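Shown next, in structure tokens, is the structure this report addresses.
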Amino acid sequence: MEKRTQIHLGSLVGCVFICVLVFSGVCSLDNGLARTPPMGWMAWERFRCNVNCTEDPENCLSEKLIKKMADRMVSLGLLDVGYEYVSIDDCWPTKERDSNGRLVPDPTRFPSGMKALGDYLHSKGLKFGIYEDFGTKTCGGFPGSEFYMSTDANTFAEWGVDMLKFDGCYSNINDMEIGYPTMEFFLNKTGRPILFSCSWPAYTQGIKTDYKLIRENCNMWRNYADIQDSWDSTYGIINHYGINKDGFSAFAGPGGWNDPDELIVGNFGLSYEQERAHMGMWAMMASPLFMSVDLRSIRNQSLALLKNKRLIAINQDPLGTQGRRVWKESDVELWVKPLQTEGSLAIALLNSGNQGTPKRLSLPALSLMLTNPLGYNLTEAFDGASMGSVFPNDTLKFSLNPTGILMMTAVPKVSSANLLMSLIFGQ
Ligand code: GLA
């Protein structure tokens, strides 16, 4: 192995120090990316580490599969509504680096190479995402970036990579506060804007997690367990975001986002009601929206949910505030997300329980944070139907299906005097 390209963790402190002093222009995350939560498709949850193209040629992780998904993203109109990254997850390289220490895509599964695959994605108007790991090996046992961060950043830039998911298996968590910023330094140094998705806080949860530092270095960051194809897993993540330990939700905003993991809408484990709750909550939580689903066979109903423009608009609201759980009683909880238009809110009521009959609720409008004395226009968030006007003293009645969601947007009414003032003075 060529020693010139190797960076030992022992020298990282010095490297970051030099970086701060000498290269301050490229040291902190300043790539202009992810001003709203990134959207795309990611291979992991649905396709996993299936490398057996002999027995399962249609579903193994290969350039054929990735190109097919890319084609479907375009033909199904998913690119048109904002899903632009196509991200290959773990298990894409050979088990050994080449004689120059460079990563090598598996030649049987990626015979055209990664540059050609990137070119293909770009020709479709899509962006190219790839996976590596901060440690000595990826979670699936493939070569990790430790000791090779500079080489790998340059390789990814040469291949036209637009996003790097950087996992944390086989590493020392005490090194992450230095190691992740170091990779960000090398990515910046390539001059290519590469969205940096960090798994760092997922490994340090329960231990000290410096979200300020994470936000300074990452465009998005996983901070909880992997999503699996079930309601229990999906709700477990939602509840973690509801608990919001150490206030991590406050660190989300344009340029950097908490990542509760991929969307599993369209797979095997969720009912339609649960898919609605999942999609609605990812919109409320200003989460990156990465579908992990087989786009060759997705159900129409699930596809329509993923493409729902009203939910996507809530997710992509330019204010970039992550919604928070403001109330929970037994299985019912209330979430609120402020939106950019002054005083507007997205509101979600979630029933996480599975008792087989809808729960009936009466709630004062004030408890939904509807405080404006002039009132609000309420709109159902999934179908855009008007729900009429509501005033702070009103009581609202709801019926919530088991493992179901009700979502709405509330836009404050403007008095005619205010409207006239804003037309004249633009205030
Ligand atoms: C970890 C990550 C997953 C996925 C796998 C790949 O579990 O959290 O999202 O990338 O590794 O091995």
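The values are calculated or read from the model by the stated rules, or taken from the named source; none is laboratory data. Computed from a predicted structure; not experimentally measured. We place every Cβ from the backbone using ideal geometry, glycine too, and count neighbours over all the protein chains shown. To get the accessible areas, we keep the full protein, side chains included, count just its heavy atoms, and leave off ligands, DNA and RNA. Shrake-Rupley method; radii C 1.70, N 1.55, O 1.52, S 1.80 Å.
Restricting attention to the range 217-243, the residues that are open to solvent by 20 Å² or more (accessible area, probe 1.4 Å), within 16 Å of the ligand (Cβ to nearest atom) and in a helix (DSSP H, G or I) total 3. Of all residues in the range 361-392, those satisfying the criterion of being exposed (fewer than 12 other Cβ atoms within 10 Å of the Cβ) and either closer than 21 Å to residue 278 by Cα or in contact with a helix residue (DSSP H, G or I) (Cβ under 7 Å, 6 or more places away or on another chain) (or both) are 383, 384, 385. You will find that of 59, 31, 50, the residue that is farther than 28 Å from residue 198 by Cβ, polar (S, T, N, Q) and assigned by TED's automatic domain parsing to the domain that holds residue 133 is 59 and no other.
Restricting the range 33-86 to residues that are among the basic types (Lys, Arg) and within 16 Å of the ligand (Cβ to nearest atom) leaves a set whose member that is nearest to residue 270 (Cα to Cα) is 46. Among the residues of the range 153-173, those identified as open to solvent by 30 Å² or more (accessible area, probe 1.4 Å) and either touching a Phe, Trp or Tyr at 6+ places or on another chain (Cβ under 6 Å) or at pLDDT below 95 (or both) are 171, 173.
Of all residues in the range 364-395, those being within 18 Å of residue 280 (Cβ to Cβ) and either part of a strand (DSSP E or B) or over 31 Å from the mean Cα position of the chain (by Cα) (or both) number 4.
Given 288, 318, which one is more than 27 Å from residue 206 (Cα to Cα) and under 16 Å from the mean Cα position of the chain (by Cα)?
Working: 288 fails: more than 27 Å from residue 206 (Cα to Cα).
Every option except 318 fails the conditions.
Let me confirm something: among 123, 87, which residue is in contact with a strand residue (DSSP E or B) (Cβ under 9 Å, 6 or more places away or on another chain), within 18 Å of residue 158 (Cα to Cα), hydroxyl-bearing (Ser, Thr, Tyr) and modelled with pLDDT of 95 or more?
Values: 123 fails: in contact with a strand residue (DSSP E or B) (Cβ under 9 Å, 6 or more places away or on another chain).
So the residue among 123, 87 that is in contact with a strand residue (DSSP E or B) (Cβ under 9 Å, 6 or more places away or on another chain), within 18 Å of residue 158 (Cα to Cα), hydroxyl-bearing (Ser, Thr, Tyr) and modelled with pLDDT of 95 or more is 87.
Give 150, 199 a once-over and let me know the one that is open to solvent by less than 20 Å² (accessible area, probe 1.4 Å), touching a Phe, Trp or Tyr at 6+ places or on another chain (Cβ under 9 Å), assigned by TED's automatic domain parsing to the domain that holds residue 122 and hydroxyl-bearing (Ser, Thr, Tyr). None of the others qualify; the one that does is 199.
Please find, within the range 156-181, the residue that is nearest to the chain's Cα centre (by Cα) out of those that are over 20 Å from residue 85 (Cα atoms) and more than 16 Å from the ligand (Cβ to nearest atom). Checked the range 156-181; the qualifying residue nearest to the chain's Cα centre (by Cα) is 181.
Residue pairs whose Cβ atoms lie under 8 Å apart, separated by 6 or more positions or on different chains, with the first residue in the range 188-206 and closer than 17 Å to residue 160 by Cβ and the second assigned to a loop (DSSP other than H, G, I, E, B) and open to solvent by 40 Å² or more (accessible area, probe 1.4 Å), are 188/30; 189/23; 193/32.
Report, by residue number, each residue of the range 182-208 that is farther than 22 Å from residue 247 by Cα and more than 17 Å from the chain's Cα centre (by Cα). Answer for the range 182-208, where residues must be farther than 22 Å from residue 247 by Cα and more than 17 Å from the chain's Cα centre (by Cα): 182, 183, 184, 185, 186, 187, 188, 189, 190, 191, 192, 193.
In this structure, does residue 187 turn out to be among the aliphatic types (A, V, I, L, M), within 16 Å of the ligand (Cβ to nearest atom), assigned by TED's automatic domain parsing to the domain that holds residue 127 and within 20 Å of residue 87 (Cα to Cα)? Talk me through it step by step, then tell me what you get.
Numbers: among the aliphatic types (A, V, I, L, M): yes; within 16 Å of the ligand (Cβ to nearest atom): no; assigned by TED's automatic domain parsing to the domain that holds residue 127: yes; within 20 Å of residue 87 (Cα to Cα): yes.
No: the conditions fail for residue 187.
Residues in the range 299-351 that are buried (at least 18 other Cβ atoms within 10 Å of the Cβ) and among the basic types (Lys, Arg): 3 in all. Scanning the range 107-141 for residues that are within 15 Å of the ligand (Cβ to nearest atom), open to solvent by less than 50 Å² (accessible area, probe 1.4 Å) and in contact with a Ser or Thr (Cβ under 8 Å, 6 or more places away or on another chain) turns up 129, 130, 131, 132, 133, 134, 135.
Got at least one residue in the range 206-213 being within 15 Å of the ligand (Cβ to nearest atom) and among the small types (Gly, Ala, Ser)? Scanning the range 206-213 turns up no residue that is within 15 Å of the ligand (Cβ to nearest atom) and among the small types (Gly, Ala, Ser).
Of all residues in the range 61-96, those that are open to solvent by less than 10 Å² (accessible area, probe 1.4 Å) and assigned to a helix (DSSP H, G or I) total 5.
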